[in-house]
Every structure is written in structure tokens, then in C-alpha cells.
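Since every read-out is calculated from the coordinates, none of them should be taken as a lab result. It should be emphasised that the depicted structure is a prediction, and the values quoted were computed from it without experimental measurement. Positions of Cβ are generated from backbone atoms using ideal geometry, with glycine treated the same way; all protein chains shown enter the neighbour counts.
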Amino acid sequence: MNDEYQVWLLLVLLAVAGAVLWQLYGHLRRDEEDVVADERALEADWIAGTLAARGQRVPPETVEAVLELHRRYLAGPGFDAGPLDERSAALEQAASARDDTAMERHDTRRQAPEADAGQAG
């Protein structure tokens with residue numbers, strides 16, 4: 001055999017070996033099917049702890065339920081969400097309603113001590 005043929009043969013064998021290894025071990029990211037129930041509970045604890053460190057308290061059971069719903073959503077056919085501008089408008093409307101409700105609660109809390117002070121005097 002000549003040297004050029006041996007170099008090309010080596011390159012082809014390396015490419016084939018790389019392709020075989022990629023197929024066997026090449027999962028770059030994990031799928032929902034790769035996460036078992038015990039690991040999902042650990043993931044829920046980790047997420048709850050991370051959120052708690054940011055000042056947002058969420059019970060691990062709630063996080064685990066959300067993860068399960070997310071898994072079921074990914075396994076399903078998905079939703080017909082409609083055009084992007086309609087979704088954006090719906091999200092903005094929901095956020096606005098949520099902000100209005102939060103402001104009403106905040107105003108009520110702010111007024112309550114003043115009302116108590118007026119009754120005491």
C-alpha cells in the first residue's frame with residue numbers, strides 16, 4: 001500500500017470510530033425520559049432552595065408538581081397558541097391585572113394602620 005492510501009484509510013476509520021462513539025455516548029443534553037422520579041424530587045428540592053435563596057418561597061411539592069406538568073406538556077401535542085402578537089397581548093393583559101390586584105392589596109395594607117390610628121385617637 002502506498003502512503004496516501006494509508007492516510008485516507010486512517011482518516012476514514014477515525015471518522016467512523018467517532019461516529020460510532022457519538023451514537024453510543026453522544027447525548028449532549030438529557031431528555032425528560034432520562035430523569036427518574038427520585039431524581040425529579042431532588043431537582044424539585046434544588047429548585048425550591050434556589051428560589052428560597054432569591055427570596056421566593058415555593059414548597060418542593062409544588063415545584064415537583066410543576067415539573068410533572070411540564071413533563072406531561074412536553075409529551076403531549078402542544079397548544080395552538082395563535083399568532084405571537086395575540087399571545088403577547090394576552091400576557092400583557094394578565095400581567096396588568098396581576099399588578100392591579102397587587103396594588104390594591106398594597107393600598108389596603110397601607111391604609112389599615114392609618115385607620116387604626118384614627119380609631120385609637
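Structure notes:
- When each of the peptides 12-24, 45-57 is scored by how many other beta carbons lie within 10 Å of its residues on average, the order from highest to lowest is 45-57, 12-24.
- Taken along the Cα-to-beta-carbon direction at a fixed 7 Å, the label points for residue 70 and residue 54 span 1.1 nm.
- Model label sites at residue 4 and residue 21, defined 7 Å from Cα along the beta-carbon direction, differ in position by 2.9 nm.
- Förster radius 41 Å - calculated FRET efficiency between residue 94 and residue 35, Cβ distance, rounded to 0.05: 0.85
- In this simple spin-label model, placing a label point 7 Å from the Cα along the Cα-to-Cβ direction at both residue 80 and residue 61 gives a separation of 3.8 nm.
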